[in-house]
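One structure is given below, encoded as structure tokens.
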């Protein structure tokens, strides 16, 4: 197992509100992702990876405006996945980097990036491995907002948030609900 807390502390000061919100959010996502993986009877290697990658999936928030006060970032929030992937690659964690890059919602499509002029390199950011899918799905249900940090969204609330992006996103979400929650 890698020391993910050491990596998190390297990029987000442990004395900040951002760090505490990050840890709570990541632990909740990790708990749910591990439960899904256990229900699917995934092996120890996958469970260990899911724990590590779930704890590190949002590391890129240190580069975004929303956390400027604590981390000094200046990029739009949507960049946190790509920035997190850069950080994790610099740590020699390619597989973890893919989770960071692909964990947003049910994914981000290249055509969305182009049509909405999103500040991301134009390509598909869709989960591919089962571990990527599980972590991204678990993440949908938790906010990093202080007021809602401990609150788990219902399936209906999560679907409503996802459906804002497109019917395609909502369809993918519903497929993942069936796949992971029965």
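In segment 129-147, the residue that is nearest to residue 42 (Cα to Cα) out of those that are surrounded by 12 or more Cβ atoms within 10 Å (Cβ to Cβ) and more than 12 Å from the chain's Cα centre (by Cα) is 130.
Within segment 92-111, does at least one residue satisfy the condition of being in a helix (DSSP H, G or I), free of Cβ contacts under 8 Å to residues at least 12 places away in the same chain and farther than 21 Å from residue 6 by Cα? Yes, that holds for at least one residue. For segment 12-20, the criterion of being at pLDDT below 95, surrounded by fewer than 20 Cβ atoms within 10 Å (Cβ to Cβ) and touching a strand residue (DSSP E or B) at 6+ places or on another chain (Cβ under 9 Å) is met by no residue. Looking at 144, 123, 69, which is the one that is assigned to a loop (DSSP other than H, G, I, E, B), in contact with a helix residue (DSSP H, G or I) (Cβ under 9 Å, 6 or more places away or on another chain), at pLDDT below 95 and over 20 Å from residue 180 (Cβ atoms)? Every option except 144 fails the conditions. Of the residues making up segment 126-136, not one is in contact with a helix residue (DSSP H, G or I) (Cβ under 6 Å, 6 or more places away or on another chain), outside any loop (DSSP other than H, G, I, E, B) and closer than 16 Å to residue 168 by Cβ. Taking every residue in segment 50-78 that is in contact (Cβ under 8 Å) with a residue 24 or more places away in the chain and at negative phi and pairing it with any residue that is in a loop (DSSP other than H, G, I, E, B) and buried (at least 24 other Cβ atoms within 10 Å of the Cβ), at least 6 positions away or on another chain, the pairs with Cβ-Cβ distances below 7 Å are 57/103. Out of contact with any helix residue (DSSP H, G or I) (no Cβ under 6 Å at 6 or more places or on another chain) and either at negative phi or surrounded by 20 or more Cβ atoms within 10 Å (Cβ to Cβ) (or both), is that true of residue 40? In short, yes.
The values are calculated or read from the model by the stated rules, or taken from the named source; none is laboratory data. Just so you know, these numbers come straight off a predicted model, no measurement behind them. Glycine gets a Cβ as well: all are built from the backbone with ideal geometry, and neighbour counts include every protein chain shown.
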